[in-house]
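Okay, so here's the structure we're looking at.
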Amino acid sequence: MTALIAVAACFTAATERDTAYHSADDPYVAAIARMAGAIPLIVPALGDALDIDGLLQRVDGLLLTGSPSNLHPRHYGRADEAPCPPLDGRRDATTLPLIRRALDRDLPLLGICRGLQELNVALGGSLLAKIHEVPGRLDHRADVKQALERQFAPAHPVTLRPDGRLRAFATTERLMVNSLHGQGIDQLAESLQVEATAPDGQVEAVSMVGRRFVIGVQWHPEWGAESDPFSQRLFAALGEAAAGRRPWPCSPV
């Protein structure tokens, strides 16, 4: 039977000209369908109204998408820190408990951009609110005035952990990745290990030891995945883990 992978949605509030809606961008759901070989199921950001256990009984994996929104700092112990808009409190209230319960079930999980940050925060880690204001760090944001193709173009290299789990999907220890985030990991959750770093030392990917498949990446592998072998292997591995067909790869391709 084809695996069913839950895809976290963002919540957009109603305006004078539009109703509120829950959404996930097409590249994420397309990557699940085409690269992971699974059925994507968009999960609305309902917070306490979502029956998380009922959902997790029916799905085989979880994808945490990226988003323009940022996590509220109160979720990682910095309630006095001014939040960086845009925010999505409905998504925060949904994904953080969803992650914890999914991990309790050892459900395969892939977190992308905001999803990486949610994974870290759900497990007790913290975030940098403005990476570009930290001395010695790069500006990891994209120029939103540029066309999408330019925003999602490769921006900088990342170095993969030589003995790490992501290294099994790559032919070299360095990848060129896109970069569209203003926030990122500060304190790494104790249960996570670093899988990749940017030239400035910023954590770009993590994994969770002792789980079948738990990965977070700060870049966007869903964008242009059709022409990127690493991204194809990453999504395929998620699909295979969700279908229960394959253990984690342990050697480079």
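For the stretch 41-106, the fraction of 1.4 Å probe accessible surface lying on carbon and sulfur atoms is 50 percent.
Around the Cα centre of the stretch 178-237, unit charges on the Cβ atoms of Lys, Arg, Asp and Glu (plus for the first two, minus for the last two) sum to a dipole of about 280 debye. Positive contributions from Lys and Arg (+1) and negative ones from Asp and Glu (-1), summed over other residues with Cβ under 11 Å from the Cβ of V134, come out at -2. Put a plus charge on the Cβ of each Lys and Arg, a minus charge on the Cβ of each Asp and Glu, and nothing anywhere else: the dipole of the chain about its Cα centre is then about 440 debye. Pairwise Cα distances in the chain exceed 26 Å for 34 percent of all pairs. For the set L87, L175, solvent exposure ranked by accessible area (probe 1.4 Å, protein chains only) runs largest to smallest as L87, L175.
Using the 1.4 Å probe convention, the accessible area of the chain works out to 46 Å² per residue with neighbouring protein chains retained. Shape of the stretch 1-87 from its Cα gyration tensor (a ≥ b ≥ c, root eigenvalues): rounded if a/c is under 1.5, otherwise prolate when a/b > b/c, or oblate? Verdict is prolate for the stretch 1-87.
Ignoring ligands, DNA and RNA, what percent of the 1.4 Å accessible area of the stretch 133-240 is carbon and sulfur?
Carbon and sulfur: 49 percent of the exposed surface of the stretch 133-240.
3J(HN,Hα) couplings calculated from phi for the stretch 55-63 with the Karplus curve 6.51 cos²θ - 1.76 cosθ + 1.60 (θ = phi - 60°) are, in sequence order, 5, 5, 6, 10, 10, 10, x, 9, 10 Hz; Gly and Pro show x.
If you take the Cα centroid of the stretch 183-217 and the Cα centroid of the stretch 115-139, the two points sit 11 Å apart.
I want the local charge near D53. Using Cβ-Cβ distances under 14 Å, sum +1 for each Lys or Arg and -1 for each Asp or Glu among the other residues. Once positives and negatives cancel, what remains is +1. The gain in end-to-end length when the A14 to H132 segment is fully stretched comes to 39.3 nm, 0.36 nm per residue minus the alpha carbon separation.
Largest to smallest in accessible area, the residues M208, M1 fall in the order M1, M208 (1.4 Å probe, all protein chains included). Taking a sphere under 13 Å around the Cβ of P199 and counting the other residues whose Cβ falls inside, with K and R at +1 and D and E at -1, yields a net charge of -1.
Applying 1/(1 + (r/R0)^6) with R0 = 45 Å to the Cβ-Cβ distance of A33 and A79, what FRET efficiency is obtained, to the nearest 0.05?
0.70
With all pairs of different C-alpha atoms in the average, the Kirkwood value for the hydrodynamic radius of the stretch 37-132 is 13.9 Å.
Taking all protein chains together and a 1.4 Å probe, the residues T95, T2 rank T2, T95 from largest to smallest accessible area. Among E195, E16, E226, which one shows the highest mean-square fluctuation when the chain is modelled as a Gaussian network with alpha-carbon springs under 10 Å? The residue with the greatest mean-square fluctuation here is E16.
Dipole magnitude for the stretch 45-150: computed about the Cα centre from +1 point charges on Lys and Arg Cβ and -1 point charges on Asp and Glu Cβ, it is near 200 debye.
The values are calculated or read from the model by the stated rules, or taken from the named source; none is laboratory data. These numbers were taken from a predicted model, which means no experiment stands behind them. Note: ideal-geometry Cβ built from the backbone for every residue, glycine included; neighbour counts use all protein chains shown. Just the protein is used for accessible areas: all its heavy atoms, side chains included, with ligands, DNA and RNA removed. Shrake-Rupley method; radii C 1.70, N 1.55, O 1.52, S 1.80 Å.
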